[in-house]
Structure formats: structure tokens, C-alpha cells
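One structure below.
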Amino acid sequence: MVCCASAIYLLGDPLAAIGGWRWLLRPGGRLALSAFGDLDGRWAWKQELLGRLAPPLDPLGAGCDGPAALEGLPRSTVAGAVTVQVERVDVVYADARAWWAEQWTHGERRALERMDSRALAAYQAAAFIAIEGCREADGALHWRPEVVYAIASTWPGHHQDRRPHPDPVCRAARRPATAECRPPAGRRDDAGMSEVTWESMADWYAAKLAAGSPIHQWTVNVILAEVDQDLDGRPLLDLGCGEGLVARELAQRGAQVTGVDLSELLIGHARRQEARRPLGIHYRVGDARTLSDLPDGSFAGVAANLSINDMPDLHAVFGAVSRVLRPGGWLVFTVPHPCFETPHAGWATTPDGRPARLVNAYFDETFWRSTNPQGVRRVGVWHRPLATYLNTLIGHQFTVARVVEPRPDAAVATLHPGRTEVPVLLLVRAVSHHAAPPATPQYPDHAQ
């Protein structure tokens with residue numbers, strides 16, 4: 001057995017660590033992990049005070065947010081059965097001074113040690129007042145956080161091939177993505193393009209999202225800011241939904257959501273999330289070029305977060321979206337910015353030290369794969385000029401209502417300073433103006 005108690009979230013690359021621990025285990029061996037879940041809302045004042053009085057600190061690790069994230073880490077690498085248990089523990093302090101002494105015995109002292117004497121005194125005084133809200137009937141102070149435990153077992157005979165990480169999924173777990181935005185779901189895994197497909201990367205990718213990422217959350221926030229704000233009861237489609245990251249956010253805002261993706265494994269992850277926390281989302285395995293099992297005019301809006309750039313036939317995709325939208329329905333989609341995310345773009349530095357983007361091959365409408373062995377885009381993405389996206393929309397009776405080139409938030413800017421100079425994303429909001437659902441296009445047999 002390998003145990004990692006309340007430390008996995010402190011690691012900068014937890015997937016790589018677990019990928020290495022896997023090879024320490026005998027066949028049938030077990031990996032045990034624990035992390036904090038809900039931290040007891042009565043104590044939220046701590047983070048508020050630290051955020052106000054302590055200097056900014058670099059994060060110690062990648063973090064691990066809740067049961068789903070902890071379960072996803074070993075599931076993507078150990079590949080055996082994973083069981084998860086959540087337990088609330090009771091940490092008792094006799095009084096405020098006992099709590100204060102304990103704060104200097106663990107990692108939180110990083111913040112305290114970096115405060116000047118005035119800020120530290122202000123923090124202690126404010127904390128001693130706020131902490132009274134955590135006093136219970138026995139007269140003691142109680143902190144009752146959740147602790148999440150995950151135990152995973154390896155498959156029998158997993159050491160038959162001793163070469164480190166012999167398959168694409170395990171290689172991905174050893175070297176997780178550092179790309180600046182998520183190449184999306186809703187994809188087509190064409191034979192001959194590469195051995196790396198969205199099916200082969202699905203478990204690793206779902207674990208990557210479950211572990212949390214400022215970049216992924218930023219892309220979700222970008223698209224959510226542009227959908228209608230009144231979503232209560234409205235039928236929406238998440239096109240290329242992957243493991244359901246955007247679909248869940250839309251459902252939490254009151255929408256009736258359907259998610260479609262071509263990857264059966266990613267849809268499986270989405271359905272397991274729905275089973276754990278039901279939001280009424282319906283997930284389907286389907287081809288975005290036809291959406292053949294969805295009725296005409298069935299949706300008030302369609303969201304596609306970094307997925308259309310994975311789809312090979314833009315005319316077919318926009319045509320299918322137009323068909324399933326009601327007249328006046330909207331499409332909001334993001335893609336890697338066509339002007340700056342070309343197949344061979346790279347970074348340089350100007351004479352005054354500012355980052356600059358080098359771009360070529362902009363007019364080459366092509367499918368390409370990143371050569372970065374740590375990047376998600378090695379699975380492939382379609383580059384199209386900006387005019388192709390806009391003109392194809394117009395050709396399918398859409399009116400472009402809004403175009404956004406979002407600036408990165410503070411977390412993304414810290415990770416990728418160059419993104420403060422040039423945009424990584426393009427967002428388009430378009431409105432359908434077809435008077436009635438268009439007829440289903442007739443393709444020659446060889447094109448179906």
C-alpha cells in the first residue's frame with residue numbers, strides 16, 4: 001500500500017505523482033489518499049481576514065476540491081476500483097489561545113510569518129472576535145471539516161509490462177496538460193490521425209478537470225457571462241459537452257440542459273457526475289454534424305465551449321445547430337483565437353522585455369496537432385481563419401450579435417503572462433433567424 005494523508009493537494013503535479021506511485025505497488029496493491037472537503041462555513045472568516053491582511057502567497061500545490069476531484073486522480077492512473085468515503089471530523093480547541101497556538105504548527109503559518117507586526121496583531125484581534133461564532137454548548141470551539149478518503153486498487157498483473165507508462169493514458173497521467181485553454185469535447189476521432197484520441201485520454205482529462213484548474217474555470221466563466229442570464233426552465237444544448245463542466249453550470253442556473261458529445265467515455269464521466277449530484281441533465285452520445293436524435297426547434301440556446309474547433313465540418317455543425325434552435329435562439333461558442341492560436345505560433349520577447357506572439361500559417365485551414373508531449377492539443381484541433389467562422393454562421397441564417405476577446409483573469413495572467421498581451425480565446429454570440437426549421441440536408445452516400 002502507498003498512503004498519502006492530507007498532502008496530495010500540496011503537490012504541484014498530483015497526477016504525475018500518482019503515476020509514479022503506481023509502479024511501486026504490487027499487482028492488487030492499494031493506494032490510499034485523503035484530502036479536505038468542505039471546511040466548515042463557520043470558519044470562512046479566516047480566509048477573508050488572511051486575504052485582507054496577509055501578503056499574496058504562491059499556491060503550495062494544485063489543490064484538490066472535493067470527493068469527485070480526489071476520486072478522479074487515482075481513477076485516471078491506477079485504473080482499478082476506487083472507493084470514496086466522506087467523514088466530518090471534530091477538531092476541538094479549549095479557547096481562542098489554544099487555536100492561535102495551533103496555527104503556528106502547520107502550513108498556514110506561511111501567511112502569518114509574512115505579515116508585519118501591525119497586520120499580525122490586527123489579524124489576531126479580529127480572529128479572536130470572529131472565533132466566538134464557533135463556540136458550542138460545551139463551551140469549547142469546534143472546527144468540523146470534511147475529510148475525504150479515496151482507496152484505489154491496481155488491476156491484477158499490472159506489472160506484466162515494466163516499461164514506465166506504456167500506454168497513452170498513462171503517459172498523459174505522467175505528464176499532464178499545461179496548455180493555456182481546454183481543447184474541448186464533441187470531437188471526431190478519425191482513424192489514422194494519431195494513436196492519441198479523446199477516448200484514450202478521457203479518463204485522464206476528466207481527472208484533470210476534477211482536480212481543478214484556473215484556466216478551465218476561466219473559460220467556463222467567459223462563456224457563462226455571454227449566455228442569457230434568465231435561464232430558468234429554458235431548454236439548452238451543451239454542444240461538445242465532454243464530462244459536463246459547462247452543462248452543470250447551466251443547470252445550476254435553472255436551465256433544462258442536454259449535453260452531446262461523440263466520446264462515449266467522456267459522456268460516461270458526465271453521467272457519473274449527474275448520478276452523484278442530480279441536476280436533471282440529459283447526456284447523449286451524438287455527432288455534432290447531424291444531431292440526428294434531437295428534434296427540430298427544440299432549444300432556446302446552444303453553448304459550445306472550446307469544442308467547435310475540434311469538429312471537422314463547420315458547415316454541417318452550424319447547419320445542425322440552426323435546425324435544433326428555435327427561431328430567435330442563440331449560439332454562444334468559444335474557440336482558440338484564430339488570429340493567435342495558429343498551428344505554428346510561438347512566443348518571443350520584445351526588446352523592452354514584453355512577451356510577443358509570433359504567428360504564421362494563418363490562412364491555412366487545416367487540422368493540426370501540438371508536438372508538446374504535455375499538451376492536450378496533441379489530440380488535434382482544426383484551425384480556421386476568423387472569416388471562415390463568421391461567414392459560415394451568416395450562411396446558415398445567423399446574425400452575429402457580439403464578439404468578445406476576453407482578457408485573462410488574475411489567476412490565468414499569473415500562470416501565462418503573455419495572455420495579457422494577446423487574447424487566447426475568441427467568443428461569438430450569434431442569433432438564428434431562420435423562419436422555420438430548415439430541411440434536413442441530403443448528402444451523397446459517400447459523405448454521410
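Overview of values
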| read-out | value |
| --- | --- |
| Residue ranges of strands (runs of 3 or more DSSP E) in the range 212-331 with at least 2 members outside the structural domain of Thr414 (by TED's automatic domain parsing) | none |
| Residue tally, condition surrounded by 13 or more Cβ atoms within 10 Å (Cβ to Cβ) and assigned to a loop (DSSP other than H, G, I, E, B), over the range 345-360 | 2 |
| Single residue of the range 251-287 satisfying the filter (among the hydroxyl-bearing types (Ser, Thr, Tyr) and within 18 Å of Val317 (Cβ to Cβ)) that is modelled with the lowest pLDDT | Ser263 |
| Residue within the range 184-198 that is under 12 Å from the mean Cα position of the chain (by Cα), in the same structural domain as Leu425 (by TED's automatic domain parsing) and at pLDDT below 90 present | yes |
| Qualifying residue in the range 214-237 (condition: closer than 22 Å to Val285 by Cα, touching a His at 6+ places or on another chain (Cβ under 9 Å), modelled with pLDDT of 85 or more and crowded, with 18+ Cβ neighbours inside 10 Å) | no |
| Of all residues in the range 232-254 being free of Cβ contacts under 8 Å to residues at least 40 places away in the same chain and of a type in the set (A, V, I, L, M), the one that is nearest to Val335 (Cα to Cα) | Ala247 |
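The values are calculated or read from the model by the stated rules, or taken from the named source; none is laboratory data. What you see is a predicted model; the values in this text were computed from it and never measured. For neighbour counting, all protein chains shown are included, and Cβ atoms are generated from backbone atoms with ideal geometry for every residue, glycine included.
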